[in-house]
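The values are calculated or read from the model by the stated rules, or taken from the named source; none is laboratory data. These figures come from a predicted structure and were not determined experimentally. Cβ atoms come from the backbone with ideal geometry, glycine included; neighbour counts cover every protein chain shown. Quick note on the areas: whole protein, heavy atoms, side chains included, nothing else; ligands and nucleic acids left out. Shrake-Rupley method; radii C 1.70, N 1.55, O 1.52, S 1.80 Å.
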Amino acid sequence: MNKRKILVVDDDSSMRQAVAESLEICGYHVITAENGQEALDLFKQNRVHLVITDMRMPGLTGMDVLTGVKTLSHPTPVILITAYGTVGTAVEAMKAGAAEFIMKPFSLDDLENAVAHVLAMTGQITEQAIDAGLPEIITGDDRFKALLEMLKSVAKSKSSILIRGESGTGKELMARYVHRNSNRRTGPFVAVNCAAIPHTLLESEMFGFEKGAFTGASQRKPGKFELASGGTLLLDEVSEMDVQLQAKLLRVIQESEVDCLGGRAPIPVDVRIIATTNINLEEAVKNKTFRGDLYYRLNVIPVNIPPLREHRSDIMLLAEHFLKKYSAQHGKRTLTLSPKAAHVLNRYPYPGNVRELENIIERATLLTGRGAILADTLGIDAGEAPSEMPDSHARPASPVQAGQTTLKDAELSLIFATLDKTAGNKTQAAKILGISVRTLWNKLNEDNIAAGETT
């Protein structure tokens, strides 16, 4: 669907490969460059629809690449990525013509959303085309069907929706389902990951700023609320928002107007808000890390997405769907599951929910030449935690003893040990761990392991 050519520029080969792999999975055609000069040479030789470049590189920097691209083809959008972002550098980048400014660490899901949004905003693709290419919601479970019917019935209202669910259950997919079934479906769908944007930048991202609002603000920048006006604004992981910013969000919801930084008068906005969280917000209210008045404003229509282990009848439906998807994507005839593999999949607890099932099937598809996928290829055991390291010779740096650590800490220990073994090579580490590079990056980002990395 998105046969658009994207140029990815980064001197870090593991980052470059991870970004390219993630975008190729989304259906984009990706070309890569390891430095700024190579990037500009490739840009001259190819019809590129979008450039994604790191800021700090030897030789030509990301800003040099941005300037060069805008000189050669001003309409071509450029996304800048950096680990050294401040409001000043963000403003400088936007002033030079950057379409988006992304801070490290970030999840690849956030990058994919930014790419789709930038292409939509610049007219390369439409939001409707993005929606049409979204994964369909596959279920045979009566309770899940009833949930979808409920969402369809409330979609045409403007009431706020709070979607709760564990990681990997498909909260954003459900938010987009509401948008597609609403009267706002022809309007924009803007997603903001509140956990991925630094608190120092989130306010300007959400509410925008006027020219001269602060040093370096040489032009006006609309915030996400303005961009979403007439459509839907998704506040992903809303619990991660700073308490002071929560007060400003509350006022926007109450008054349907936004005060941008440096603005003289409020700007009216017409936005339907959908928020998601994977934590207990009631506890957060009690602990005073989340405002109670905002909670009640968001929780007008509460939605709880059940974990995959609570609608097991969907496991095989989803597995077959992912088998067809990844068999086609990797140029293979559609594979099948051996009876034992199907048995293991049906009994596995899926702590990572549907996202984990998809990763398991993708990995097994890559490791199987043809015919049936065997149980051993899945890398999991029925009723037990995933086998993160099929290679029995690769072990954590320090033994993990039962009862002395959490599962999360054990996983981190395993990841660190494997990265040590591969001298930091994430591609090789992912192969040893039996997961995709994309999954490894997401796990690193979830715990801010990558926060100290520089590129």
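Sort out which residues of the range 167-191 are under 26 Å from Ile102 (Cβ atoms) and part of a loop (DSSP other than H, G, I, E, B), and write them in order of number. Passing the criteria: Ser167, Gly168, Thr169, Gly170, Gly187, Pro188.
Can you find, within the range 289-328, the residue that is modelled with the lowest pLDDT among those that are part of a helix (DSSP H, G or I) and among the basic types (Lys, Arg)? Among residues in the range 289-328 that are part of a helix (DSSP H, G or I) and among the basic types (Lys, Arg), the one modelled with the lowest pLDDT is Lys325.
What number of residues within the range 240-262 satisfy the criterion of being assigned to a helix (DSSP H, G or I), out of contact with any Cys (no Cβ under 8 Å at 6 or more places or on another chain) and not hydrophobic (A, V, I, L, M, F, W, C)? Don't jump to the end; show me each part of the working.
Step one: list which residues in the range 240-262 are assigned to a helix (DSSP H, G or I), which gives 240, 243-255.
Okay, now just the ones that are also out of contact with any Cys (no Cβ under 8 Å at 6 or more places or on another chain), so 243-255.
Cutting the leftovers down to not hydrophobic (A, V, I, L, M, F, W, C) gives us 244, 246, 248, 251, 254-255.
The number of residues fulfilling the criteria is 6.
Within the range 215-258, the set of residues being over 21 Å from Thr276 (Cβ atoms), surrounded by 18 or more Cβ atoms within 10 Å (Cβ to Cβ) and among the small types (Gly, Ala, Ser) comprises just one member, Ala217.
Per-residue answers, yes or no, for (1) within 23 Å of the chain's Cα centre (by Cα); (2) at pLDDT below 80; (3) among the hydroxyl-bearing types (Ser, Thr, Tyr):
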| position | (1), (2), (3) |
| --- | --- |
| His330 | yes, yes, no |
| Asn359 | yes, no, no |
| Ile380 | no, no, no |
| Lys408 | yes, yes, no |
| Thr422 | no, yes, yes |
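Cβ-Cβ contacts under 8 Å between residues 6 or more apart (or on different chains), taken from a first residue in the range 207-235 that is closer than 17 Å to Ala196 by Cα and modelled with pLDDT of 80 or more to a second residue that is part of a strand (DSSP E or B) and among the aromatic types (Phe, Trp, Tyr), are listed as Gly223/Phe209; Leu234/Phe189. Say whether the condition of being over 19 Å from Ser256 (Cβ atoms), free of Cβ contacts under 8 Å to residues at least 60 places away in the same chain and open to solvent by 10 Å² or more (accessible area, probe 1.4 Å) is met by at least one residue in the range 189-202. Yes, the range 189-202 contains a residue that is over 19 Å from Ser256 (Cβ atoms), free of Cβ contacts under 8 Å to residues at least 60 places away in the same chain and open to solvent by 10 Å² or more (accessible area, probe 1.4 Å). In summary, helices (runs of 4 or more DSSP H) completely within the range 1-92 and bearing 2 or more residues that are more than 25 Å from the chain's Cα centre (by Cα) occur at 36-45, 62-72.
Matching residues to (1) of a type outside the set (D, E, K, R); (2) modelled with pLDDT under 90:
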site: Arg4; (1), (2): no, yes
site: Val9; (1), (2): yes, no
site: Met15; (1), (2): yes, yes
site: Glu24; (1), (2): no, yes
site: Tyr28; (1), (2): yes, yes
site: Gly36; (1), (2): yes, no
site: Leu80; (1), (2): yes, no
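Output yes when any residue across the range 89-108 is in contact (Cβ under 8 Å) with a residue 24 or more places away in the chain, of a type in the set (Val, Ile, Thr), in contact with a Gly (Cβ under 7 Å, 6 or more places away or on another chain) and under 22 Å from Ser204 (Cβ atoms), and no when none is. Yes, the conditions are met somewhere in the range 89-108. Going through (1) crowded, with 19+ Cβ neighbours inside 10 Å; (2) over 25 Å from the mean Cα position of the chain (by Cα); (3) over 30 Å from Gly27 (Cα atoms); (4) not polar (S, T, N, Q) one by one, Leu281 falls short only on (2). Mind checking which pairs have a first residue in the range 144-163 that is within 19 Å of Tyr295 (Cα to Cα) and a second that is open to solvent by less than 80 Å² (accessible area, probe 1.4 Å) and of a type in the set (Ser, Thr, Tyr), Cβ under 6 Å, 6 or more apart or different chains? Sorted first by the residue in the range 144-163, then by its partner, the pairs are Ile163/Thr276.
So that you can scan it fast, the table gives a plain yes or no per residue for (1) β-branched (Val, Ile, Thr); (2) touching a strand residue (DSSP E or B) at 6+ places or on another chain (Cβ under 8 Å); (3) over 24 Å from Gly165 (Cβ atoms); (4) surrounded by fewer than 19 Cβ atoms within 10 Å (Cβ to Cβ):
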residue: Leu294; (1), (2), (3), (4): no, no, no, no
residue: Pro306; (1), (2), (3), (4): no, no, no, yes
residue: Gly352; (1), (2), (3), (4): no, no, no, no
residue: Ala364; (1), (2), (3), (4): no, yes, yes, no
residue: Gly379; (1), (2), (3), (4): no, no, yes, no
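If I ask for residues that are on the phi > 0 side of the Ramachandran plot and of a type in the set (Ser, Thr, Tyr), which ones from the range 347-375 would you list? Give the steps one after another, and end with the answer.
Going residue by residue through the range 347-375, those that are on the phi > 0 side of the Ramachandran plot are 350, 353, 371.
Once the filter is applied, which keeps residues that are on the phi > 0 side of the Ramachandran plot and of a type in the set (Ser, Thr, Tyr), the range 347-375 yields only Tyr350.
All conditions in (1) touching a residue at least 60 places away in the same chain (Cβ under 8 Å); (2) of a type in the set (Val, Ile, Thr); (3) farther than 23 Å from Gly292 by Cα hold for Thr186, with the sole exception of (1). Among residues of the range 278-303 that are without any contact (Cβ under 8 Å) to a residue 24 or more places away in the chain, those with a beta-carbon under 9 Å from a residue that is open to solvent by 70 Å² or more (accessible area, probe 1.4 Å) and part of a loop (DSSP other than H, G, I, E, B) at least six positions away or on a different chain give the pairs Glu283/Thr289; Val285/Arg291. Within the range 328-344, residues that are more than 20 Å from Arg312 (Cβ to Cβ) and among the β-branched types (Val, Ile, Thr) have Cβ atoms under 8 Å from residues that are assigned to a helix (DSSP H, G or I) and open to solvent by 70 Å² or more (accessible area, probe 1.4 Å) in these pairs: Thr334/Lys324; Thr334/Ala328, counting only partners at least 6 apart in sequence or on another chain. Could you please find all residues in the range 93-110 being under 14 Å from Cys194 (Cα atoms) and assigned to a helix (DSSP H, G or I)? Those that are under 14 Å from Cys194 (Cα atoms) and assigned to a helix (DSSP H, G or I): Asp109, Asp110. Among residues of the range 30-43 that are more than 15 Å from Asp12 (Cα to Cα), those with a Cβ under 6 angstrom from a residue that is modelled with pLDDT under 90 and surrounded by fewer than 18 Cβ atoms within 10 Å (Cβ to Cβ), sequence gap 6+ or separate chain, pair up as Val30/Glu24.
For the range 259-272, which positions are closer than 18 Å to His179 by Cα and surrounded by fewer than 23 Cβ atoms within 10 Å (Cβ to Cβ)?
The first filter runs over the range 259-272 and keeps only residues closer than 18 Å to His179 by Cα, leaving 269-272.
Listed by number, the residues that qualify are Val269, Asp270.
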